[in-house]
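Asks: Let me begin by handing over the structure; questions about it come next.
Here, each number is a calculation from the coordinates, and none is a lab measurement. Only a predicted model underlies this, so the values are computations on that prediction, with no experimental measurement involved. Heads up, the Cβs are rebuilt from the backbone with ideal geometry, glycines too, and the neighbour counts pull from every protein chain shown.
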Amino acid sequence: MILIISTCKEKLHEKEFVEPIETILKDSGKKHFTRHYTNIKKGDLQNAKKIIITGTSLQDNEYLNNLETFSYLRGKETLLKQTPILGICAGMQILTLVEYLGQEVGNLNVKANFANIQKKQLEIGYFKEEFKQEFLGLQGKQEVYHLHQNTFKIPKNYETYTLSKTPQAIKHTEKPWYATLFHPEVRNKELIQTFAELT
Amino acid sequence: MKLATLFSGGKDSTYATYLAKKQGHEIACLISIIPENKDSYMFHTPSINQTETQAKHMNMPIIQQKTKGKKEEEIQDLEKAIQKAKKEYSIQGIITGAVESVYQATRIQKICHKLQLECFNPLWQKNQLHLLEELIKNKFEIIIIGIAAYPLEKNWLGKKIDKSFIKEVETLQKKYGFNPAGEGGEYETFVTNCPLFKTPISIEQYKDTGKEHSWRRTLHTK
């Protein structure tokens, strides 16, 4: 089953950022279940063959105040090192921050560490991005939908797949963990379908 | 949260309002932009003047902002209206009925970001036939008041959205690539009753104008 982890503070935002992903998976015949990031049980992670961490609204940064809830992603010995993960926008930020912060992810004062790895980058709407190599079925120039106001530096064990100055699609060099800054559920549904088909 | 809806009187913005209220949000006010240009780029125009009547039936205050309806200038008028809602009603966010229009969604997201407001789009990327089915299931009574696409004709004005309507738009979708929810401007709607209304709206009279495959029905309501 594919686990969808909602990062939305407001449940009403799940209609915008979670339900479209659920629809793509349902239409592809892929079984899935959704949990809020504050309500993940160990059994959920064990039952997940793949994980998608969703995006959320522009104004919602609550997940950054609760990074310790993603401790299960940290370190080399994570349970999930063989589990394909796709982080979308906020999901990408979470994956990269957990990599940077490592054992410090459980430290509630880590926000102070963001300043040197976070950058303001407001991008809203359709943009053309160029993929230097195939990324979950996308290649060449593609129109993608952006809705973000921050980016984070990409950790050295993530490879960048787009030519833009701000990395838009990255993959861990050792684990099947993917992340996009753009929202594929709007314009690039095939990316999510390709991820769901990964073996 | 205290929210305001960008309200056109049509099915999408009304349904988005209903979904927000159902989840416990307070709808502090509605915001309607009244374009002088009947072919406004951003704003739904047939019978937009009737939103005041709909607001009364929902017992909600409404801010009505006029705009000349010129491309991009009308965005500034929208921003003014949202700022007014923030000042007068202390809103924390905006609700829209956007389904697929990135043109609309992008512009509204930018305004909300500038004004530090949340932006809720609960119909975003929804399957449009499912959206129509949900409207019927949730007892929305909706009529067609504008058409602007082949092969639609004058006899569509006044049509109700019901199960046979859904079958008809599904056929049109397969044959012509028709947008079933009308978000491409194929048709415009007016909500006459729904769970948000204290009483249904009655249509006292109407006037149809247009030709060929472009018609609109101007309503006078109570």
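Asks: Among A:86, A:184, A:56, whose Cα lies farthest out toward the positive end of the dipole of chain A, if unit charges sit on the beta carbon of Lys, Arg (+1) and Asp, Glu (-1)?
Replies: A:86
Asks: Out of B:100, B:74, B:204, any idea which swings most in a Gaussian network model of chain B, alpha carbons joined below 10 Å?
Replies: B:204
Asks: Quick check: from the Cα gyration tensor, does the range A:113-156 come out rounded (a/c under 1.5), prolate or oblate?
Replies: oblate
Asks: Further question on the same structure: Angle check, please: helix B:73-89 long axis (alpha carbons) against the longest principal axis of chain B (alpha carbons), in degrees 0 to 90, nearest 10.
Replies: Computed tilt is about 50 degrees.
Asks: So if I average 1/r over every pair of distinct C-alpha atoms in chain B and take the inverse, what Kirkwood radius in Å does that give?
Replies: About 17.4 Å for chain B.
Asks: Given a Förster distance of 30 angstrom, what is the FRET efficiency for residue B:49 paired with residue B:87, based on the Cβ-Cβ distance and rounded to 0.05?
Replies: Efficiency computed from Cβ-Cβ geometry: 0.80.
Asks: Using the structure shown, select from A:9/A:189; B:160/B:222; A:42/A:189; A:15/B:159 the pairs with a Cα to Cα distance greater than 22 angstrom.
Replies: In this structure, A:9/A:189; A:42/A:189; A:15/B:159 lie more than 22 Å apart at Cα.
Asks: How big is the dipole moment of chain A about its Cα centre under a simple scheme where the beta carbon of each Lys and Arg is +1, that of each Asp and Glu is -1, and everything else is neutral? Debye, nearest 20, please.
Replies: The calculated dipole for chain A is roughly 340 debye.
Asks: Taking amide H atoms as placed 1.01 Å from N in the peptide plane, list the residues 5 or more away in sequence, or in a different chain, whose amide H sits under 5 Å from that of residue A:56.
Replies: A:90
Asks: Something else about it: Per 5 Å bin, what is the whole-percent P(r) computed from every C-alpha pair distance within the range B:130-177?
Replies: Histogram of Cα-Cα distances, whole percents per bin: 5, 19, 28, 28, 16, 4.
Asks: Would you list the P(r) distribution for the range B:19-131, with all Cα-Cα distances sorted into 5 Å bins from 0 and each bin expressed as a whole %?
Replies: 2, 11, 20, 24, 24, 14, 4, 0
Asks: To continue, here is another question. Out of all DSSP beta bridges in chain B, what portion is antiparallel? Express it as a percent rounded to 5.
Replies: 50 percent
Asks: Now a separate question. Determine the percent antiparallel among the DSSP beta bridges restricted to the protein assembly as shown, to the nearest 5.
Replies: 55 percent
Asks: Another question about this same structure. Largest first and in whole Å, what are the equivalent-ellipsoid semi-axes of the range B:131-222 based on the Cα gyration tensor, each being the root of 5 times an eigenvalue?
Replies: Equivalent-ellipsoid dimensions as semi-axes: 22, 18, 8 Å.
Asks: Rank these for me by crowding, A:28, B:8, A:57, B:101, going from fewest to most other beta carbons within 10 Å.
Replies: Neighbour counts put them in this order, fewest first: A:28, B:101, A:57, B:8.
Asks: Could you work out, for chain A, what percent of all Cα-Cα pairs fall into each 5 Å distance bin, beginning at 0 Å and stopping at the bin that holds the largest distance?
Replies: Answer for chain A: a P(r) of 1, 8, 17, 22, 23, 17, 9, 2, 0 percent.
Asks: Let me ask another. To the nearest µm²/s, what D does Stokes-Einstein give for the protein assembly as shown at 10 °C and 1.306 mPa s, using the Kirkwood radius over alpha carbon pairs as Rh?
Replies: Answer, rounded: 70 µm²/s.
Asks: Based on DSSP, what percent of beta bridges with both residues in chain A are antiparallel, to the nearest 5?
Replies: Rounded to the nearest five, the antiparallel share is 55 percent.
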